[in-house]
Amino acid sequence: MVIVDGLLWYDLPPDLLAVGADDPRCRQMLIRALTFRLVALGGLAGPSWRAGEKEATRFLAVTEAVERG
């Protein structure tokens, strides 16, 4: 959660993902953290919520960084 939050909202460098790159469990935890953040954000905003362009871009960039490893 800390790494995902840092990448999403605190402009930490994607190089941070290299810390657990050799452990597949680490990548799975990052994917779960991203999923949790999306669900939590949607739950807080309510059923009619739509991500703004900035928010969507942020999540997409972090998702792609996690995917690349």
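Any read-out appearing in this document is the output of simple, stated calculations on the displayed coordinates, not a laboratory observation. Here the structure is a predicted model, which means the values were calculated and not measured.
Using C-alpha pairs below 8 Å separated by at least 6 residues, the relative contact order for the chain is 47 percent. Here the extension length gained between Met1 and Leu16 equals 4.1 nm, from 0.36 nm per residue of separation less the Cα-Cα distance.
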